[in-house]
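This report refers to the structure that appears directly beneath it.
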Amino acid sequence: MDHFELRDGALHAEGVDLTILATEVGTPVYVYSSATLTRHYRVLREALDAHPSVLGDSLIAFAVKSNSNLSVLATLARLGCGADTVSEGEIRRALKAGIPGDRIIFSGVGKTDAELAFALEVGVRQINVESVPELDRLIAIAEAKGAKPDVAIRVNPKIGAGGHAKITTGGEGDKFGVPADEAMALYARAAASPHLNPVALACHIGSQITDLAPLEAAFSLLRKLTETLRQQGLPVTRIDLGGGLGVPYTGGATTASPADYAAMVARVLDGLDVEAAFEPGRLLAANAGVLLTRVIQVTERADGRKFLVLDAAMNDLMRPAMYDAFHEVKPVVPREGAEVVYDIVGPVCETGDTFARGRSLAPLQAGDLVVFTGAGAYGAVMSSEYNSRPLVPEVLVDGDRWAVVRARPSYEEMLARETTAEWLA
Ligand code: LLP
């Protein structure tokens with residue numbers, strides 16, 4: 001459920017009329033709903049808390065990569081949410097938003113020495129190690145710093161899943177994690193170092209997973225490996241199950257619910273006595289955000305094809321171009337009349353800048369506003385200034401109040417970031 005609804009004929013984000021936001025801030029702009037973020041967090045928290053003996057102490061660590069806006073992070077931080085991070089920049093964001101270090105997980109396939117050192121300095125909860133060379137670098141850095149970080153070993157369970165090949169991470173050929181047998185050896189190697197404290201196995205098999213079966217298979221493997229490690233006398237006190245649970249991008253879509261997910265996890269982990277961590281991104285953020293955009297014009301071809309040309313483009317919302325992702329398009333003030341079939345495009349100069357083809361919508365005219373729904377995760381974070389279009393701004397709504405939480409740069413600001421080489425000046 002989200003808090004974007006028609007009220008008095010106009011789409012609102014909670015108490016705020018999107019037509020007013022469009023006038024005040026301009027378009028395109030991302031609009032996030034605090035109430036929806038909060039609700040999504042609570043739904044997952046309650047689903048986990050329904051299994052207190054197994055999941056009562058579990059940590060929800062929001063995947064910062066899905067939406068790293070400081071105000072979004074601060075909204076979640078106030079609820080007790082942690083962070084899953086993959087760079088120094090994301091750790092810095094999480095800390096600045098008020099997420100304490102002991103709730104920050106540091107993941108990622110290629111952490112630099114400097115990033116690992118930074119993570120040790122700020123005292124993150126755990127570093128998820130994904131390879132032998134990374135483990136060796138971490139041992140050296142920990143020794144130099146006199147630190148003894150908690151470490152998880154990320155397993156590649158050879159079970160890939162997800163909404164698109166480009167977002168599947170658990171498959172055998174994917175770059176993430178180490179195969180199960182190597183993970184055992186890596187864990188033992190970490191345990192043998194006086195500079196590391198291995199505490200957990202981790203996995204993350206993909207994103208936009210709508211069916212629980214592959215997740216259950218991966219989690220069961222992690223349980224088995226945990227038991228094997230313990231049989232070898234190695235302590236394992238935590239387990240990190242990653243993110244990946246999908247969301248309905250359309251009203252009719254069916255996805256496994258957080259309650260079903262939690263029940264499955266509780267079943268798999270029952271009696272294992274580990275503290276679980278989850279790294280949801282999309283589940284919390286996707287349907288808490290829309291991309292608000294204005295129709296520049298409707299271009300009609302002689303053959304009857306109609307292009308709806310928006311002021312948002314692929315640089316603002318990459319997902320359709322990159323993953324053929326589906327985002328629902330809704331008019332902000334729906335007009336009367338029979339539906340019209342549109343190809344929905346942005347102004348960027350490549351055919352990839354197509355949001356949707358053959359979409360039936362209420363009739364639209366130049367100047368009308370529409371939103372892309374489900375845009376709160378992997379939307380603004382993946383935006384760029386391609387075609388020298390200033391970076392898309394972000395607004396956070398909370399009830400009747402709203403704030404610009406990332407401003408659109410002016411053209412002057414955009415150009416001022418660059419300097420002309422002195423021999424060209
Ligand atoms: N944990 C790890 C280690 C991850 O790599 C990811 C996402 C997550 C958690 C969060 O996954 P989620 O719960 O959001 O599915 N840009 C793509 C999605 C890439 C996901 C990458 N990893 C998209 O727009 O669909």
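Assorted remarks:
- Meets criteria (aromatic (F, W, Y), buried (at least 21 other Cβ atoms within 10 Å of the Cβ), within 16 Å of the ligand (Cβ to nearest atom) and within 19 Å of D260 (Cα to Cα)) for F219: yes
- Qualifying residue in segment 227-242 (condition: out of contact with any Leu (no Cβ under 6 Å at 6 or more places or on another chain), in a loop (DSSP other than H, G, I, E, B) and within 16 Å of the ligand (Cβ to nearest atom)): yes
- Subset of segment 91-126 [among the β-branched types (V, I, T) and either surrounded by fewer than 23 Cβ atoms within 10 Å (Cβ to Cβ) or out of contact with any Leu (no Cβ under 9 Å at 6 or more places or on another chain) (or both)]: I91, V109, T112, V122, V124
- Qualifying residues in segment 73-90 (those that are closer than 24 Å to G146 by Cα and small (G, A, S)) - the one surrounded by the fewest Cβ atoms within 10 Å (Cβ to Cβ): G89
- Among the residues listed as L18, L95, L70, the single one being in the same structural domain as A403 (by TED's automatic domain parsing) and at negative phi: L18
- Total residues in segment 402-425, condition in contact (Cβ under 8 Å) with a residue 60 or more places away in the chain and of a type outside the set (F, W, Y): 5
- Annotation note: Cβ proximity below 8 Å between a residue of segment 245-268 that is closer than 18 Å to D49 by Cα and aromatic (F, W, Y) and a residue that is more than 13 Å from the ligand (Cβ to nearest atom) and assigned to a helix (DSSP H, G or I) (sequence gap 6+ or interchain) occurs for Y261/A47; Y261/L212.
- A13 vs. criteria under 30 Å from A142 (Cα atoms), touching a Leu at 6+ places or on another chain (Cβ under 8 Å), away from the ligand (no atom under 16 Å from the Cβ) and of a type outside the set (S, T, N, Q): no
- Taken over segment 57-112, the criterion of being within 14 Å of the ligand (Cβ to nearest atom) and in a loop (DSSP other than H, G, I, E, B) is satisfied by N67, S68, C81, V86, S87, S107, G108, V109, G110, K111.
- Residue in segment 189-199 that is within 16 Å of the ligand (Cβ to nearest atom) and either among the hydroxyl-bearing types (S, T, Y) or over 30 Å from D324 (Cβ atoms) (or both) present: no
- Residue ranges of strands (runs of 3 or more DSSP E) in segment 258-372 with at least 2 members in the same structural domain as D240 (by TED's automatic domain parsing): 275-278
The values are calculated or read from the model by the stated rules, or taken from the named source; none is laboratory data. Every value quoted in this text rests on a predicted model; they were computed, and no experiment measured them. For neighbour counting, all protein chains shown are included, and Cβ atoms are generated from backbone atoms with ideal geometry for every residue, glycine included.
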